[in-house]
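The values are calculated or read from the model by the stated rules, or taken from the named source; none is laboratory data. Keep in mind that this is a model prediction, so the values were computed, not measured. Cβ placement follows ideal geometry from the backbone for every residue including glycine, while neighbour counts extend to all protein chains displayed. With ligands, DNA and RNA removed, areas are computed over all heavy atoms of the protein, side chains included. Shrake-Rupley method; radii C 1.70, N 1.55, O 1.52, S 1.80 Å.
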There are 2 protein chains.
Amino acid sequence: MVKTIHKRLLATTGIVAMSMAMSASAETLDEVMARRGLTQQDLVSAAKTYTPTGGRDEFIVFSSGGQSGQIMVYGVPSMRILKYVSVFTPEPWQGYGFDEESKAILEQGKVDGREIQWGDTHHPAITETNGDVDGEYLFINDKSAPRIGVVSLHDFETQQIVVNPILQSEHGGTFVTPNSEYVIEAAQYPGVLGRGYAPLSQFNEKFRGAVTYWKFNREKGRIEPENSFSIELPPYSQDLSDAGKAVSDGWSFTNSFCAERYVGGIESGRPPFEAGCSQNDTDYLHIINWKKAEEVYKAGKVTMINDHPVISMDTAIAEGLVFLVAEPKSPHGVDVSPDGKYIIVGGKLDTQGSVYSFEKIKAAIDAGKFSGTDPYGIPVIAMEDAIHKQVGLGLGPLHTQYDSKPCVVYTSLYVDSQVAKWDYCEGKVLDKISIHYNIGHLVAMEGETVNPKGKYLIALNKLAIDRFNPVGPLHPQNHQLIDISGDKMELLYDMPVPLGEPHYATAISAEKLQPLVRYKYGTNSRTGDRHEGAVRPGQERIERDGTNVKVYMTAIRSHFTPEIVEVNEGDTVEFIITNSERAEDETHGFAVSTYNVNLSLEPGKTATAKIVADKPGVFSYYCTEFCSALHLEMTGFLAVRPKGYVEEAGAMAEGQTYSKDDYNKQTANNVATQEVIDSVVTYITERNFKDFPEVVSLVEDATDQLNFAAEAKAKAEEAAGKEDWQNATLWAGQWWQYQVKAADIGLRAKTFLDEHGAVKQ
Amino acid sequence: MVKTIHKRLLATTGIVAMSMAMSASAETLDEVMARRGLTQQDLVSAAKTYTPTGGRDEFIVFSSGGQSGQIMVYGVPSMRILKYVSVFTPEPWQGYGFDEESKAILEQGKVDGREIQWGDTHHPAITETNGDVDGEYLFINDKSAPRIGVVSLHDFETQQIVVNPILQSEHGGTFVTPNSEYVIEAAQYPGVLGRGYAPLSQFNEKFRGAVTYWKFNREKGRIEPENSFSIELPPYSQDLSDAGKAVSDGWSFTNSFCAERYVGGIESGRPPFEAGCSQNDTDYLHIINWKKAEEVYKAGKVTMINDHPVISMDTAIAEGLVFLVAEPKSPHGVDVSPDGKYIIVGGKLDTQGSVYSFEKIKAAIDAGKFSGTDPYGIPVIAMEDAIHKQVGLGLGPLHTQYDSKPCVVYTSLYVDSQVAKWDYCEGKVLDKISIHYNIGHLVAMEGETVNPKGKYLIALNKLAIDRFNPVGPLHPQNHQLIDISGDKMELLYDMPVPLGEPHYATAISAEKLQPLVRYKYGTNSRTGDRHEGAVRPGQERIERDGTNVKVYMTAIRSHFTPEIVEVNEGDTVEFIITNSERAEDETHGFAVSTYNVNLSLEPGKTATAKIVADKPGVFSYYCTEFCSALHLEMTGFLAVRPKGYVEEAGAMAEGQTYSKDDYNKQTANNVATQEVIDSVVTYITERNFKDFPEVVSLVEDATDQLNFAAEAKAKAEEAAGKEDWQNATLWAGQWWQYQVKAADIGLRAKTFLDEHGAVKQ
């Protein structure tokens, strides 16, 4: 084996070069196109999206995971899904809901004491600075239970869940104000504020909507419920929201449907909700002065419901905080222009894009020019006093995104299964493209910010029907990538969505994301603080307090310390484990057989697996991430002694015994291996490896392994000195294992240098 | 709006054609390549993988989802992920673990009474007929808790979980015999059979491995634990398995590591497991005559452990069921050749591919030619009496897959991060390709069957490191697609794995999969039987039995029946809902706000959401799949009256009232809409739509909607006859809603006909 390591090290460059040189395609491009039925246009689309190994995407999309309760992260233009981040639903790969640290986050998400293990995620939003997305944090709402999750984009982990104290359901979250002062969450189906009971016969009087402004503390990366407030609204079903920006900063806009306030009852002969909620030609857009509302809240003019401050409708009216304007039937998108001057709304049961002018709205408010009030006394601005343009787009206009080109927008048309490109300043349609099928929301690159990037648009289609290979009655959805760089839209790529039904997505330039590759040693990733149970190698220990056993543990390629843990039936055992690796991507897992625990321990992370040893037995624990060649050997035993069990005397009987010859054979092997390693070290250090941060980190990692090798060597030699050939041979074996790991890392470093044009110095 | 529907219907073809004609790329292909830095070779790779909208993949891969406890399904060559199928972990999008029907499946997965909400899935296997994969069912194991999941490929749903009655952990599952008579599951870390306790000092005497043969009933699509058996094995850590085929049919092969039977204890100064388990140069390949074992089991020569029949080692030896042969150090793949004549094993700490000859093995067994026995008395065949060839491949050979070309195989090299292509008949290396990085298993198209398809190979890399845009310390893994059609392997595509760490995958020709697009009306998808709670439209009802309330419900675009459900605090409420749609992809969901329930109701499915109404309040329920333009209006209320609450008198106050004028306006609109619909119907029926099954199904669906429209029309006219303008107007609105749905379906049918070259007749 040593000889082969050596040959391999020396030959690496040669083999790769040979492989590259001879790997010209046997088939010509024309032959491939003919075989696969591709047109020239397909080939251009392929070239616009195909990303060779190691290539980077230009934009990253954060898409709601719908009923999966997760966030889906993918790259544009490659349309490759990079990660699912769990927010409301436990997910064992990430250890989310399976380690004690993340269970504490899910615990925050209990509603009225009820444990909820899923979420219906709808609208993600990235933190903004001056109206531009900044890539620091991500918010996502749960429609089913009114909650907001906060995900750190430093490590792509969920770090907080807040429960709305007054709403029964919500939808219009999350949208952020231009400096992420507040995260906006609006109700969906009306309820009794505070989640109390009232008979449906008193719907108009007792049921209400509301919008909540959650205060975000950027420094802590946490929402502060104690500094948040809500405004009571009529029992229209509030829907999406958007914050004003630039000239309209300080205002927010929330649309609604079922302004008819209809209560169905098809079972008792009443027409169903869908009839009663879609009878009128218009619903209401709510226009809210949130900066003024903040002052009113700070002045204490609030009613406390479930310890949460609510500005009543009467106060909101008296203080001039809320206004209404008619908007087209059953709208589902309200989108403020980059300059903050316009607000575009589509009505799913209408045919037009309606462009509201903030200047006109403001003028009407300032002049006190209202067409009347709604049944609750809220001033209503006449539509003609607020509208800049209405443009016929097609059937089912739903959501609008802004291009980098001035005045250009894209609106999804649900019923027509099209996207309309149009000019909202002049009010004319520029182009249309058919998509497959039934588009809901759409997302342009940073298309909701003060500085849209254009280039790409993604249609979030609700149905896929015949677009993909069949996978049973439950179909994937279809995100279609559209090139918007030219005058005409071009369909580039169909991406099946394999999990959940995304509702809404938001995109950011990839360069704005600078996540960690490792944690500071001993980090509790859910709090960001040092974990109180973190230990360094050598500090591992087992502590018992009555029936509570704490195992302070480390994990490194390829063993846990400790490897044997003995407890008594009925004990509660906490494994508090720190991954002591520093190498990028060297994640370890931890599971105990037949128990409901799994940890994902990225380099530097500390996490806790807690179990109740309720049954006697000997349970294997093991690393659940394929971390190294000896990954399967990265294991241990939790021995749970039966109650009252008396241990029989007797030392461990070795399965296999070793002699002096075995020791000599192993050490001779190790000496030869060291020569090989030395040759790699020479190869690397003779080159400008310090110009490559990735290689510097690999070299540090290899150095660690060689230090461990030296420790194992010392133990082997100590045992040999005592003629304990059993331990001498095995420690010599361990010394060799560390050498192999160092060689593996060295090889990776050498390959990287070769592939990235390092030069001999 | 009617006018626009009309225009849209007539113009559809024109708009699409215009869009296609003018959508030539503004950028030329060369410009795109220059901008994106693509080489000519990249372009060929792009052409080999890019799949235009509506295109189909040639192969479907079922990949383990690792610690996510799921199955990942993706297409080749597009490498697009089509679906995650939940097996061991609850997943709300699919309703898995959130409806009562699937909870019953997860309940089967309890181990010794312990609820386990995740699985460490490793090795999927598709049912086989005569050694060829047939696409009917899929099996997947859980390493952490010794379990097998059974997924139906008719609907891609998990329908059974079986718990191994004797193992503490497992790994070597699932592998099927050539006609899926048995599903093979081998132990991993040794334990006391039956999961009892023994001190680790008695490891050699009391700890054991085993292999279980699970009987599969093809007709029922279920494993039959009552017809399954196990064979006791020594406490070597058994690993992967494979079933013999053709000449070796009736035999199975299971490898192992840590044949040293080492028990670590680094915390007490003992060398760690990784040293003691990797000291010897060889481990043991187990060779088992399962057909003979089946006879022994049927003859009753078994010991019952936890009511499960186990053939003891002594019996296995006496009956000639189990043999051993040395295999290279820490192997992790054992792969039988398509003709069943050879078995290839790689050792992760070795450098060779070892080709065993079944003929030689059989000859040695028949001749009783053994080199001795292992410590437990099992006959050991000398390696030289079993080996056909050993071929130096590189560092860390792990897993081998077979090409369609005779004698050609591919072996993953974990440490070298390469794939070796080699000839196992002649014993020579043909080609090598570098992958990124640390490849575990690999999968060739049907590469484990009697009839491999060649063409593509996928490297299941364990680390991605620098291949993708960064997404935090926890990286995706990287599945790399390799073209193996030519003499040289060519790397085509990098696919990030966004969820879980796949261990192993299996691929099948796409044409072999013929899943359902809808269920027979009222199906319980987890049993395949008619659901006892299924109702047809018109049969909906609410039944109360003490505090148990059953709501027999239907769901259709865009309402539930019933819409209002009133219960008392403390009641248990079951919503048993049937999706009465027939249209492909018309899935509805169902959630009750702040409750831990979500259903996925594909067309025809019946499922149950069960809640305890433990708190008074008025809870919205709603459809969680964006099913139609009025999806948000597909809602209802669960009113939970407080204990002792006395309802106040008083009818529902309408939020909005309607007059005769409103009725007349709505009906005039409806009449105009009907003319439009008639024109679509004419357009379709004048064409050869019956040649397109997809369109026939759409026409049926539209006809349904029009029948509903007629019913609503009758109700409207009845109310108008009584001068009840409120109900007359709203039912007329509902009549229009059905018309719009019919028009939507009609449009889709028309577009399909236009795009698929239907002709006027």
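Quick check, is B:A243 assigned by TED's automatic domain parsing to the domain that holds B:A386, closer than 17 Å to B:S312 by Cβ, touching an Asp or Glu at 6+ places or on another chain (Cβ under 9 Å) and touching a residue at least 60 places away in the same chain (Cβ under 8 Å)?
Numbers: assigned by TED's automatic domain parsing to the domain that holds B:A386: yes; closer than 17 Å to B:S312 by Cβ: no; touching an Asp or Glu at 6+ places or on another chain (Cβ under 9 Å): yes; touching a residue at least 60 places away in the same chain (Cβ under 8 Å): yes.
It is false that B:A243 is assigned by TED's automatic domain parsing to the domain that holds B:A386, closer than 17 Å to B:S312 by Cβ, touching an Asp or Glu at 6+ places or on another chain (Cβ under 9 Å) and touching a residue at least 60 places away in the same chain (Cβ under 8 Å).
Take A:I161 and decide whether it is away from chain B (no Cβ under 12 Å), touching a helix residue (DSSP H, G or I) at 6+ places or on another chain (Cβ under 7 Å) and open to solvent by less than 10 Å² (accessible area, probe 1.4 Å).
yes
For A:A749, state whether it is over 28 Å from A:T657 (Cα atoms) and outside any helix (DSSP H, G or I).
Considered against the rule, which asks whether it is over 28 Å from A:T657 (Cα atoms) and outside any helix (DSSP H, G or I), A:A749 comes out as no.
Go through (1) of a type outside the set (A, V, I, L, M, F, W, C); (2) touching a residue at least 12 places away in the same chain (Cβ under 8 Å); (3) open to solvent by 30 Å² or more (accessible area, probe 1.4 Å) for A:G37 and report which single condition fails.
(2)
Do any helices (runs of 4 or more DSSP H) entirely within region B:229-329 hold 1 or more residues that are among the β-branched types (V, I, T) and more than 22 Å from B:A125 (Cα to Cα), and if so, which?
Ranges flagged: B:290-298, B:313-318.
Kindly provide the set of residues from region B:557-569 that are crowded, with 22+ Cβ neighbours inside 10 Å, in contact with a Pro (Cβ under 9 Å, 6 or more places away or on another chain) and in a strand (DSSP E or B), ordered by number.
B:H559, B:F560, B:T561
Pull up region A:111-144, narrow it to residues that are among the polar types (S, T, N, Q) and more than 19 Å from A:N217 (Cβ to Cβ), then point me to the one that is most open to solvent (accessible area, probe 1.4 Å).
Step by step, filter region A:111-144, then rank; the result is A:Q117.
Kindly provide the set of residues from region B:652-703 that are under 18 Å from B:L753 (Cα atoms), of a type in the set (S, T, Y) and either within 14 Å of another protein chain (Cβ to nearest Cβ) or surrounded by 20 or more Cβ atoms within 10 Å (Cβ to Cβ) (or both), ordered by number.
B:Y683, B:S697
Tell me, please, whether a residue that is open to solvent by less than 40 Å² (accessible area, probe 1.4 Å), of a type in the set (D, E) and either more than 29 Å from B:Q188 (Cβ to Cβ) or in contact (Cβ under 8 Å) with a residue 60 or more places away in the chain (or both) can be found in region A:630-644.
If we filter region A:630-644 for residues that are open to solvent by less than 40 Å² (accessible area, probe 1.4 Å), which is where we start, we get A:630-640, A:642.
Among the residues that remain, those that are also of a type in the set (D, E) are: A:633.
Adding the requirement that they be either more than 29 Å from B:Q188 (Cβ to Cβ) or in contact (Cβ under 8 Å) with a residue 60 or more places away in the chain (or both) leaves A:633.
Yes - at least one qualifying residue is present in region A:630-644.
When the residues of region B:371-388 are narrowed to those that are open to solvent by 70 Å² or more (accessible area, probe 1.4 Å) and not small (G, A, S), which ends up farthest from B:I231 (Cα to Cα)?
That would be B:E384.
Right, A:I148: open to solvent by less than 10 Å² (accessible area, probe 1.4 Å) and assigned by TED's automatic domain parsing to the domain that holds A:F207 or not? Talk me through it step by step, then tell me what you get.
Working: open to solvent by less than 10 Å² (accessible area, probe 1.4 Å): yes; assigned by TED's automatic domain parsing to the domain that holds A:F207: yes.
Answer is yes for this residue.
With respect to A:T527, determine if the residue is in contact with a helix residue (DSSP H, G or I) (Cβ under 9 Å, 6 or more places away or on another chain), under 19 Å from A:K610 (Cβ atoms), surrounded by fewer than 23 Cβ atoms within 10 Å (Cβ to Cβ) and modelled with pLDDT of 95 or more. Spell out the reasoning first.
Values: in contact with a helix residue (DSSP H, G or I) (Cβ under 9 Å, 6 or more places away or on another chain): yes; under 19 Å from A:K610 (Cβ atoms): yes; surrounded by fewer than 23 Cβ atoms within 10 Å (Cβ to Cβ): yes; modelled with pLDDT of 95 or more: yes.
Against the criterion (in contact with a helix residue (DSSP H, G or I) (Cβ under 9 Å, 6 or more places away or on another chain), under 19 Å from A:K610 (Cβ atoms), surrounded by fewer than 23 Cβ atoms within 10 Å (Cβ to Cβ) and modelled with pLDDT of 95 or more), A:T527 qualifies.
Tally time: how many residues in region A:367-398 are assigned to a strand (DSSP E or B) and touching a Lys or Arg at 6+ places or on another chain (Cβ under 8 Å)?
Final tally of qualifying residues: 6.
Results for (1) touching a Ser or Thr at 6+ places or on another chain (Cβ under 7 Å); (2) more than 7 Å from chain A (Cβ to nearest Cβ); (3) in a loop (DSSP other than H, G, I, E, B), shown as yes or no for each residue.
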residue: B:R467; (1), (2), (3): yes, no, yes
residue: B:P470; (1), (2), (3): no, no, yes
residue: B:L474; (1), (2), (3): yes, no, yes
residue: B:H479; (1), (2), (3): no, yes, no
residue: B:G486; (1), (2), (3): no, no, yes
residue: B:P502; (1), (2), (3): yes, yes, yes
residue: B:I508; (1), (2), (3): no, yes, no
residue: B:L516; (1), (2), (3): no, no, yes
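Does B:N596 qualify as being touching a residue at least 40 places away in the same chain (Cβ under 8 Å), of a type in the set (S, T, N, Q) and closer than 17 Å to A:S169 by Cα?
For B:N596, the condition - touching a residue at least 40 places away in the same chain (Cβ under 8 Å), of a type in the set (S, T, N, Q) and closer than 17 Å to A:S169 by Cα - is met.
Taking the criterion of being in a loop (DSSP other than H, G, I, E, B), more than 8 Å from chain B (Cβ to nearest Cβ), in contact with a Ser or Thr (Cβ under 6 Å, 6 or more places away or on another chain) and crowded, with 18+ Cβ neighbours inside 10 Å, would at least one residue in region A:79-96 satisfy it?
For region A:79-96, residues in a loop (DSSP other than H, G, I, E, B), more than 8 Å from chain B (Cβ to nearest Cβ), in contact with a Ser or Thr (Cβ under 6 Å, 6 or more places away or on another chain) and crowded, with 18+ Cβ neighbours inside 10 Å: present.
Each row is one residue, and each column tells you yes or no for (1) in contact (Cβ under 8 Å) with a residue 12 or more places away in the chain; (2) closer than 26 Å to A:E260 by Cα; (3) open to solvent by less than 10 Å² (accessible area, probe 1.4 Å).
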site: A:L285; (1), (2), (3): yes, yes, yes
site: A:P309; (1), (2), (3): yes, no, no
site: A:T315; (1), (2), (3): yes, yes, no
site: A:A318; (1), (2), (3): no, yes, no
site: A:L324; (1), (2), (3): yes, yes, yes
site: A:P328; (1), (2), (3): yes, yes, yes
site: A:G333; (1), (2), (3): yes, yes, yes
site: A:V336; (1), (2), (3): yes, yes, yes
site: A:G340; (1), (2), (3): yes, no, yes
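For region B:79-113, how many residues meet the condition of being on the phi < 0 side of the Ramachandran plot and at pLDDT below 95?
Of the residues in that region, 0 qualify.
Applying the selection to region A:709-718, what residues are surrounded by fewer than 20 Cβ atoms within 10 Å (Cβ to Cβ) and not aliphatic (A, V, I, L, M)?
A:E711, A:K715, A:E717, A:E718
Only one residue in A:G447, A:G454, A:G440, A:G427 is closer than 22 Å to B:K83 by Cα and among the small types (G, A, S). Which one? Reasoning before the result, please.
Details: A:G447 fails: closer than 22 Å to B:K83 by Cα; A:G454 fails: closer than 22 Å to B:K83 by Cα; A:G427 fails: closer than 22 Å to B:K83 by Cα.
Being closer than 22 Å to B:K83 by Cα and among the small types (G, A, S) holds for just one of A:G447, A:G454, A:G440, A:G427, which is A:G440.
Would you please name the residue that is surrounded by the fewest Cβ atoms within 10 Å (Cβ to Cβ), looking only at residues in region A:342-366 that are among the polar types (S, T, N, Q) and either in a strand (DSSP E or B) or modelled with pLDDT of 95 or more (or both)?
Checked region A:342-366; the qualifying residue surrounded by the fewest Cβ atoms within 10 Å (Cβ to Cβ) is A:S357.
Among the residues of region B:596-624, which ones are open to solvent by 10 Å² or more (accessible area, probe 1.4 Å) and more than 7 Å from chain A (Cβ to nearest Cβ)?
Once the filter is applied, which keeps residues that are open to solvent by 10 Å² or more (accessible area, probe 1.4 Å) and more than 7 Å from chain A (Cβ to nearest Cβ), region B:596-624 yields B:K610, B:V612, B:D614.
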